[in-house]
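Engineer: This structure is in structure tokens; I'll ask about it shortly.
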Amino acid sequence: MKILVTGGSGFIGSHLCERLLAEGHVVINLDNFNDFYAPEIKWKNIANCLKNDSFHLVEGDIRDIELTDGIFQKEKIELVIHLAAMAGVRPSLDNPVYYSSVNINGTQNILENCRNYGVKRLIFASSSSVYGNNDKVPFSEADSVDHPISPYAATKKAGELLCHTYHHNFEMSIICLRFFTVYGARQRPDLAIHKFTRLLSEGKELPLFGNGSTSRDYTYIEDIIKGITGAIDFVKNNNIYEVINLGESQTITLLEMVKTLENEMRIKGHYKWLPAQPGDMEKTFADISKAKKMLGYVPKTEFSAGIREFLKWFNNNKMYNSEEL
């Protein structure tokens, strides 16, 4: 199958491209290599993919109408996996207009190309952030998500609504996957596990926001990739619109995460306690019963085991883990 992956050079995208190539698909990766973090890291992420003749890289922006039209016209795409976005809750507070431009207008452009060129299958990367500070746990796809607490979360909710509109009006089959705090090899350097690992290794203070009780449903990258491939199989064979959680379905507090890193690295950290940050959720916790039923999704990586795998990658790739990058 010929698959367009937007944002295929990032953390999740590069793992997904490798898996799709291993399964024999032709992959077109549309990525603009922006400087949200060092482009060198993204080039490193796809180094193995670039050796594969079935991997086609297109450098460009998902908002570029002429560029995306040319891709769809040339490539005869059968499925789109739309991962590209401006990421990050806290940065979105500083530049909400830009986040809307990329995440909403860019998604609209990809959907419109699918409509124009008869692409009937799409998987959209949404986020657990759409749940906001929902009092009910675990978070279920049936819960209201009308109260996002960051611009980033609002753009992801908007993306889900656009996807539903195109499904309803243009007979597109779409699955929106809500990812819950993905970690593992190649994790973005700004995310907590990667950032704290680097600071611990350098003997620097760890900035901890709030009182350490905020919690996340950390989900290992290999489990997420299995969930996406399950969604590919499901969306191929069904005319649907579905929103589906992909998480681990357990929570780890901020302090528990730090202590796990300290134990595995055999380093005692020095903490700098800071006020809670606007836009940060108190907790994330996924109900994954729908993913199990529809996608056969069963996450298998226990948190400390996933951290050990991440640390192996970190120690073998230190040139890509500097604060300057």
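The values are calculated or read from the model by the stated rules, or taken from the named source; none is laboratory data. Fair warning: this is a prediction, and the values are worked out from it, not measured in the lab. Because the Cβ atoms are built from the backbone with ideal geometry, glycine has one as well, and the counts that use them run over all protein chains shown.
Engineer: Given the criteria polar (S, T, N, Q), surrounded by 12 or more Cβ atoms within 10 Å (Cβ to Cβ) and not in a helix (DSSP H, G or I), does Thr260 qualify? Can you show your working first?
Structural biologist: Numbers: polar (S, T, N, Q): yes; surrounded by 12 or more Cβ atoms within 10 Å (Cβ to Cβ): yes; not in a helix (DSSP H, G or I): no.
No: the conditions fail for Thr260.
Engineer: In the range 65-112, which residues are more than 23 Å from Thr284 (Cα to Cα) and β-branched (Val, Ile, Thr)?
Structural biologist: Of everything in the range 65-112, those that are more than 23 Å from Thr284 (Cα to Cα) and β-branched (Val, Ile, Thr) turn out to be Ile65, Thr68, Ile71, Ile77, Val80, Ile81, Val97, Val102, Ile104, Thr107, Ile110.
Engineer: What is the residue count in the range 132-143 for residues that are surrounded by fewer than 19 Cβ atoms within 10 Å (Cβ to Cβ), touching a residue at least 60 places away in the same chain (Cβ under 8 Å) and farther than 23 Å from Asn238 by Cα? Working first, answer last.
Structural biologist: Going through the range 132-143, the residues surrounded by fewer than 19 Cβ atoms within 10 Å (Cβ to Cβ) turn out to be 133, 135-137, 140-143.
Keeping just the survivors that are touching a residue at least 60 places away in the same chain (Cβ under 8 Å) gives 133, 137, 140-141.
Going one step further and asking which of them are farther than 23 Å from Asn238 by Cα, we end up with 133, 137.
Total satisfying the criteria: 2.
Engineer: Something else about it: Suppose we filter Gly7, Gly70 for residues that are touching a residue at least 12 places away in the same chain (Cβ under 8 Å) and either within 23 Å of Gly159 (Cα to Cα) or out of contact with any Lys or Arg (no Cβ under 8 Å at 6 or more places or on another chain) (or both); which single one remains?
Structural biologist: On the way: Gly70 fails: touching a residue at least 12 places away in the same chain (Cβ under 8 Å).
Matching residue, one of Gly7, Gly70: Gly7.
Engineer: Going by the conditions given, is Ile123 hydrophobic (A, V, I, L, M, F, W, C) and more than 25 Å from Ile288 (Cβ to Cβ)?
Structural biologist: no
Engineer: Taking the range 274-298 as the region of interest, how many residues are at pLDDT below 95, out of contact with any Phe, Trp or Tyr (no Cβ under 6 Å at 6 or more places or on another chain) and loosely packed, with under 12 Cβ neighbours inside 10 Å?
Structural biologist: 2
Engineer: Confirm whether Thr229 is out of contact with any Lys or Arg (no Cβ under 6 Å at 6 or more places or on another chain), over 30 Å from Glu23 (Cα atoms), touching a residue at least 24 places away in the same chain (Cβ under 8 Å) and not small (Gly, Ala, Ser).
Structural biologist: No: the conditions fail for Thr229.
Engineer: Now a separate question. Of all residues in the range 24-54 being acidic (Asp, Glu) and part of a loop (DSSP other than H, G, I, E, B), which is modelled with the lowest pLDDT?
Structural biologist: Just the residues of the range 24-54 that are acidic (Asp, Glu), to begin with: 31, 35, 40, 53.
Those still in the list that are part of a loop (DSSP other than H, G, I, E, B) too: 35, 53.
Numbers: Asp35: 92, Asp53: 98.
My answer is Asp35.
Engineer: If you check Gly88, Gly13, Gly24, which single one turns out to be in contact with a Gly (Cβ under 6 Å, 6 or more places away or on another chain), small (Gly, Ala, Ser) and closer than 26 Å to Glu222 by Cα?
Structural biologist: Selected residue: Gly13, the only one of Gly88, Gly13, Gly24 that is in contact with a Gly (Cβ under 6 Å, 6 or more places away or on another chain), small (Gly, Ala, Ser) and closer than 26 Å to Glu222 by Cα.
Engineer: While we're here: What is the one condition in (1) surrounded by fewer than 18 Cβ atoms within 10 Å (Cβ to Cβ); (2) closer than 17 Å to Lys290 by Cα that Asp146 does not satisfy?
Structural biologist: That leaves (2) as the condition not met.
Engineer: Restricting attention to the range 275-289, which residues are farther than 10 Å from Phe209 by Cα and more than 19 Å from the chain's Cα centre (by Cα)? Explain how you work it out, then say what you get.
Structural biologist: From the range 275-289, those farther than 10 Å from Phe209 by Cα are 278-279, 281-289; that's our starting set.
Within the range 275-289, Pro278, Glu282, Ser289 meet the criteria.
Engineer: Inside the range 159-186, can you point out the residues that are more than 21 Å from Val130 (Cα to Cα) and surrounded by 18 or more Cβ atoms within 10 Å (Cβ to Cβ)? Spell out the reasoning first.
Structural biologist: Let us first name the residues in the range 159-186 that are more than 21 Å from Val130 (Cα to Cα), namely 168-173, 184-186.
Selection gives Met172, Ser173, Gly184, Ala185, Arg186.
Engineer: Same structure again: Given the conditions (1) among the hydroxyl-bearing types (Ser, Thr, Tyr); (2) surrounded by fewer than 18 Cβ atoms within 10 Å (Cβ to Cβ); (3) part of a loop (DSSP other than H, G, I, E, B), report the number of the one that Thr301 does not fulfil.
Structural biologist: In the conditions (1) among the hydroxyl-bearing types (Ser, Thr, Tyr); (2) surrounded by fewer than 18 Cβ atoms within 10 Å (Cβ to Cβ); (3) part of a loop (DSSP other than H, G, I, E, B), Thr301 misses (2) alone.
Engineer: Here's a follow-up. Any idea how many residues of the range 179-223 are part of a strand (DSSP E or B) and more than 29 Å from Glu242 (Cα to Cα)?
Structural biologist: Total meeting the criteria: 4.
Engineer: Among the residues of the range 239-248, is there at least one that is crowded, with 22+ Cβ neighbours inside 10 Å, touching a residue at least 60 places away in the same chain (Cβ under 8 Å), part of a strand (DSSP E or B) and polar (S, T, N, Q)?
Structural biologist: So far as the range 239-248 goes, yes, one or more of its residues are crowded, with 22+ Cβ neighbours inside 10 Å, touching a residue at least 60 places away in the same chain (Cβ under 8 Å), part of a strand (DSSP E or B) and polar (S, T, N, Q).
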